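Notes for the one structure printed next.
The values are calculated or read from the model by the stated rules, or taken from the named source; none is laboratory data. On a predicted model such as this, the values are computed, not experimentally measured, just so you know. Heads up, the Cβs are rebuilt from the backbone with ideal geometry, glycines too, and the neighbour counts pull from every protein chain shown. Only protein heavy atoms, including side chains, enter the accessible area calculation; ligands, DNA and RNA are left aside. Shrake-Rupley method; radii C 1.70, N 1.55, O 1.52, S 1.80 Å.
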Amino acid sequence: MKKDLLKLLDLSREDITTILNTADQLKYETKHSIHRDYLKGKTLAMIFEKNSTRTRVSFETGMFQLGGHALFLSGKESQIGRGEPIEDTARVLDRYCDGIMIRTFGQDEVEELARYTTIPVINGLTDFCHPCQVLADLLTVREYKAVLEGLKLCYIGDGNNMANSLIVGGLKMGMEVAVACPEGYDPDPQVLDFARSDPAHKFSLFRTPREAAPGADVIVTDVWASMGQEEEKAVREKAFAGYQINAELMALTNPGCMVQHCLPAHRGEEITAEVFEAHAQEIFDEAENRLHAQKAVMYLLMKEA
Ligand code: CP
Ligand code: NVA
């Protein structure tokens, strides 16, 4: 049966570990100029209904490095933008391609696409989650800290797609997860249910960053207004004032605490320029690891497909 990557909730700890280990191997091969065409002759369709820099470039480059081909379909310029139903697009792409990556709004669209295809579907971000980004984050943290289990991951800001995937990914890998969100901007209820469903999960939700940050080994934030929320910008600027990674907050974290940001970053909002630049190496390693983590996902899902 074909496998998809729709959300981290669908994956076990073993699945995530397999992806991270495969990513390590593929990264090693790339860094040592070992070229293997694992996906020779395969095509990945990439549907974008939202903007992207990292996701588009890392998937396209990743597919090229694996010996395959990626093609870009913009929501606006394809028939999707003129209202062709997702289930029809799915059944058409299924006849031409070997995998689909989709970035869109509703998680239901991605799930629908997966239902109507026999080829793997990979979620490149929805309003609900950003699994590829968090696989790259976990890969980066594991590279720096050697382990994930037992580390404290702190997330500051909007309970958005990034928060949802970090909570699920962090807890599945045995990390302690502490989140600080303003009231009204909590993570998705399905994610909170998951977090609170298992007594072994070390999870807490606070209303202030100062409560969540102490003892953090990795601290993460994201933009106050995500794609599609541009009209809420002013309201959100008020709601999120103070939900910032700055020097004062960093002083509460463990020595050697890493900073991760999926990018793009808004300096002076969710993170200060000072903290961003002090941790730029980790943040751009994280961006690089999108490539390696996604190559692992494509390899594992598409090799036999
Ligand atoms: N972090 C991330 O997904 O970046 P893009 O929006 O540039 O793809
Ligand atoms: N939360 C952000 C992540 C961007 C990569 C957004 O959805 O716009």
Counted residues, the range 22-42 - those being closer than 18 Å to R142 by Cβ and small (G, A, S): 1
Looking at this structure, is Y185 part of a loop (DSSP other than H, G, I, E, B), among the hydroxyl-bearing types (S, T, Y) and either in contact (Cβ under 8 Å) with a residue 40 or more places away in the chain or on the phi > 0 side of the Ramachandran plot (or both)? yes
Out of curiosity, is R36 away from ligand 2 (no atom under 16 Å from the Cβ) and more than 18 Å from K303 (Cβ to Cβ)? no
Here the qualifying pairs (Cβ atoms under 7 Å; residues six or more apart or on different chains; first in the range 257-280 and without any contact (Cβ under 8 Å) to a residue 40 or more places away in the chain and within 15 Å of A216 (Cβ to Cβ); second open to solvent by less than 50 Å² (accessible area, probe 1.4 Å) and within 16 Å of ligand 1 (Cβ to nearest atom)) come out as V275/V259; H279/V259
Residue selected from the range 198-250 under the condition among the basic types (K, R) and within 16 Å of ligand 2 (Cβ to nearest atom), by the criterion nearest to M175 (Cα to Cα): R236
Please list, ordered by first then second residue, the pairs with beta carbon atoms under 6 Å, 6 or more apart or interchain, first in the range 230-243 and among the acidic types (D, E), second at pLDDT 95 or above and in a loop (DSSP other than H, G, I, E, B). E232/A225
